[in-house]
Amino acid sequence: MDISLGGITGANVYTRWLGRALSWGEKYSTFMILVTLIVIFSLLSPHFMTTTNVRNIVIRVSIMLVVAVGMTLVLISGGIDLSVGSVAVMSSMIVGTILKDHGISAAPIAILAALGAGALVGLTNGLFIGLFGVPPFIMTMAMMMIARSLAEFIQRGVVPDVPVEFSRFFMTNIAGTVPPLVVIAAVVALAGHLVLSYTVFGANARGVGANASAAKFCAIPVLRYRLALYITSGMLAGLAGIMVVGRTNSANPGALKNFELEVIVGPIIGGVSFLGGRGTMVGTIIGVLIIGIIGNALNLLGIEPYWQMVTQGAIILAAVFLDYARHRKQ
Amino acid sequence: MSTNGPLVKTPVIRYEPEFITGLKNNLPLIVALTVCIVAFSLMAPNFLGAQNFTIILRQVAILAVLANAAAIVLIGGGIDLSLGSILAFSAMTTALTLREFGLNGVPLAIVVGLASGLLAGAVNGLIISHWGLNPLLVTLSTSLGVRGFAHVVSNGRLVSNLPREFTNLMAGDQLGIPTLAVIAGLMGMSVHIVLSHTVYGKAIKGLGSDFTAAAYCGVPVKRYQASTYMVAGVLAAVAGIMAVGRAGSMTPYSYTGIELEAIAACVIGGTLFTGGVGSALGVLLGTLFIGVVRNGLIHVGLETSLLKLVNGSLLVFAVIVDRMRRGEGLRAWLRVVRHTLTKGPGQTRRRDMPSR
């Protein structure tokens, strides 16, 4: 938790101003990185600032953001969830298959089934991590394999014939500008921000991440918090799967490879720590925007997919360094 | 004067060969392996037989070498998720050199492959030991980077047209045993000797069980920590060369996710996640266990899309076994349940409670 101790008494006025400037710079550093990237990419590519491209970026980012909100909560509580990409794919396969077989009238059931499957995966993760003490990284990585395997088990290939009405509902602009997909993401992000910053639940989740045994002594039911957070993360991943079907009008068991990494790196760039206890939802939004913009720009500039993979690795490494540097200072 | 002998009993130190101790330590695993073999033989008629056993050996050999690599890093207190990518990268460089120089280039190709493994391992080791960053995240990101380079060196295409003599030798038999299994056996033996009979092995175990204590004992901890990743990189490169020889061609995206199987094999074989404990014999048995389960399930008629599910479940199972060995997690909860049933709720002593 960020606890400000106020200005240092006795320091001369110049040092104080320097300190203030530095702390201001640190506070808004991610935002400045975002602005710089936007300026650089608009100069490099004439297609970057067009309406179509901005719309593409916003839609791509909103799917990432929905998952990143859950990931932020899990990271702040000291865990990690690598299964989100596979869970999203699994839920998109569920939605796609149900809609294809039973038509658009089955949409509510399909959505409930997808969310329920996500919650079930989250519950399993939480139980094994909280109750049996399996390390979160390993548990969710195993769950990543299991969920992907289940997605392939539901159907080996792409489900193409999802009713058009479903996609039309998600992608038709409200008031001529904003697709409902983006509205959903905004609502989820706002709710996440409110929960994290203004409720006892959020504060306690932070406490669990900062020091689990201290939280236990403060009578916070640590196990129940872990369960709730992993279930939230699983359900939001399920929601992202539904949004993917809404966006592409199809479901693909091989989609969203390495999605979980993008979704983890976004919050980390935005100031959430791998070690738990730190971070804000606003930082997460900015971090996810940065990742989305970099991914889009690499495509626009015609970088080959192999080099994109290398770049992704380098970005994660940079995020780990950033986290390390921030943490060491305190 | 009494003739009853000395008052203080000197403890009798009985010499026991390391091999026997290893078998004793892995007794539960040996029992589980036997049970699996018996069950699969009853369910699938084609399972038990010399031919299928050779097939299992062939399937498992590459995993066994990679599991040895994973074990060295785990014993040194780290974890390496980039092993699959290092395997693919060094396999690509080996295959490209072989295609370029033909049969005369075999020694060069092997050197190139091993060097690429060493290089990738050195990057991991230096970043982790120098800055003390979290090995999970560092090796996760280098796994992307190294896999990307495997694509870059080959332009993302399949490399084939390798010298026949090389691939025939690697995919063939030596005295009735697959060459791959022979190589895996040799690698396992050398890892066993290094871990159990050298100062280096002892130092690594010390490093894994207590970093600070090892540093106070004069172990050059950072250098040794980096060296575990380098040794793992070289072993992964050996696995990569074996993979090239086995298939006769190589694609940059093959062997994705094999590092998790390797880690699962280690943990099933008694290597602790927390570091400091592990043996080459256990790793071998763990690998055989995974190989037998996968082969047996296919014989029984499992869908291939569910194989990944089996891998994931085995990994979780391995970690739970690991926690139970240390008397935490599941076993502690079972204790609470037993006490609640027999003595009533709230009757579990504090030191018997689960730690989390």
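Cβ separations smaller than 8 Å between residues 6+ apart or across chains give no pair from region A:97-119 residues that are at positive phi to residues that are assigned to a helix (DSSP H, G or I). The condition (being surrounded by 17 or more Cβ atoms within 10 Å (Cβ to Cβ) and not in a helix (DSSP H, G or I)) is satisfied by just one residue among B:Val219, B:Val231, B:Val146: B:Val219.
Take region A:289-310 and flag every residue that is in contact (Cβ under 8 Å) with a residue 60 or more places away in the chain and either closer than 25 Å to B:Ser82 by Cβ or at the interface with another protein chain (Cβ under 7 Å from one of its Cβ atoms) (or both).
Step one: of region A:289-310, the residues in contact (Cβ under 8 Å) with a residue 60 or more places away in the chain are A:289-297, A:300-301.
Passing the criteria: A:Ile290, A:Ile291, A:Ile294, A:Gly295.
Residue by residue, here is whether (1) free of Cβ contacts under 8 Å to residues at least 40 places away in the same chain; (2) in the same structural domain as B:Leu119 (by TED's automatic domain parsing); (3) in contact with a helix residue (DSSP H, G or I) (Cβ under 7 Å, 6 or more places away or on another chain) holds:
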site: B:Ala215; (1), (2), (3): yes, yes, yes
site: B:Val219; (1), (2), (3): yes, yes, yes
site: B:Tyr229; (1), (2), (3): no, yes, yes
site: B:Ala236; (1), (2), (3): no, yes, yes
site: B:Gly240; (1), (2), (3): no, yes, yes
site: B:Met250; (1), (2), (3): no, yes, yes
site: B:Tyr253; (1), (2), (3): no, yes, no
site: B:Glu261; (1), (2), (3): no, yes, yes
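Quick check on my filter: what residues within region A:106-151 are assigned to a loop (DSSP other than H, G, I, E, B) and not aromatic (Phe, Trp, Tyr)? Listed by number, the residues that qualify are A:Leu131, A:Gly133, A:Val134, A:Pro135. Of the residues in region B:36-49, at least one is surrounded by fewer than 20 Cβ atoms within 10 Å (Cβ to Cβ) and either among the polar types (S, T, N, Q) or within 17 Å of B:Gly278 (Cβ to Cβ) (or both). Just one residue in the set B:Leu133, B:Leu126, B:Leu140 is within 14 Å of another protein chain (Cβ to nearest Cβ), touching a helix residue (DSSP H, G or I) at 6+ places or on another chain (Cβ under 9 Å), closer than 30 Å to A:Phe321 by Cβ and not in a helix (DSSP H, G or I); that residue is B:Leu133.
When B:Asn155 is tested against (1) out of contact with any helix residue (DSSP H, G or I) (no Cβ under 6 Å at 6 or more places or on another chain); (2) more than 14 Å from chain A (Cβ to nearest Cβ), exactly one condition is not met: (2). Inside region B:171-183, can you point out the residues that are modelled with pLDDT of 80 or more and either in contact with a Pro (Cβ under 9 Å, 6 or more places away or on another chain) or surrounded by 16 or more Cβ atoms within 10 Å (Cβ to Cβ) (or both)? Matches in region B:171-183: B:Ala171, B:Pro178, B:Thr179, B:Leu180, B:Ala181, B:Ile183.
Kindly evaluate B:Val31 against the criterion of being at pLDDT 90 or above and not hydroxyl-bearing (Ser, Thr, Tyr). Working first, answer last.
Details: at pLDDT 90 or above: no; not hydroxyl-bearing (Ser, Thr, Tyr): yes.
No, not satisfied.
Per the conditions (1) surrounded by 23 or more Cβ atoms within 10 Å (Cβ to Cβ); (2) at pLDDT below 85; (3) hydroxyl-bearing (Ser, Thr, Tyr), the sole criterion not satisfied by A:Thr15 is (1). Among the residues making up region B:304-326, those that are over 19 Å from A:Met144 (Cβ atoms) and surrounded by fewer than 21 Cβ atoms within 10 Å (Cβ to Cβ) are B:Val321, B:Met324, B:Arg325, B:Arg326. Scanning region B:56-74 for residues that are surrounded by fewer than 24 Cβ atoms within 10 Å (Cβ to Cβ) and among the polar types (S, T, N, Q) yields a single hit, B:Gln59.
Out of curiosity, is B:Arg157 part of a helix (DSSP H, G or I) and surrounded by fewer than 16 Cβ atoms within 10 Å (Cβ to Cβ)? It would help to see each step written out before you state the result.
Working: part of a helix (DSSP H, G or I): no; surrounded by fewer than 16 Cβ atoms within 10 Å (Cβ to Cβ): yes.
Here the answer is no, as B:Arg157 does not meet what is asked.
Of all the numbered requirements in (1) of a type outside the set (Ser, Thr, Tyr); (2) buried (at least 21 other Cβ atoms within 10 Å of the Cβ); (3) outside any helix (DSSP H, G or I), B:Ala95 misses one, and that requirement is (3).
Please specify each residue of region A:159-188 satisfying the condition of being part of a loop (DSSP other than H, G, I, E, B) and at pLDDT 85 or above. Give the derivation first.
Applying the first criterion (part of a loop (DSSP other than H, G, I, E, B)) to region A:159-188 yields A:160-163, A:172-173, A:175-177, A:179.
Listed by number, the list holds a single entry, A:Pro179.
Cβ contacts < 9 Å: first residue under 13 Å from A:Ile293 (Cα atoms), restricted to region A:57-70; second residue surrounded by fewer than 24 Cβ atoms within 10 Å (Cβ to Cβ) and of a type in the set (D, E, K, R), any location; separation 6+ or different chain. Result? These pairs meet every condition: A:Ile59/A:Arg247; A:Arg60/A:Arg247; A:Met64/A:Glu262.
Can you go through A:Gly277, A:Gly313, A:Gly254 and tell me which one is away from chain B (no Cβ under 13 Å) and of a type in the set (Gly, Ala, Ser)?
Details: A:Gly313 fails: away from chain B (no Cβ under 13 Å); A:Gly254 fails: away from chain B (no Cβ under 13 Å).
Residue meeting the stated conditions: A:Gly277.
The values are calculated or read from the model by the stated rules, or taken from the named source; none is laboratory data. Worth saying up front: this structure is predicted, and the values here are computed from it rather than measured. Every residue, glycine among them, receives a Cβ derived from its backbone with ideal geometry; neighbour counts consider all protein chains shown.
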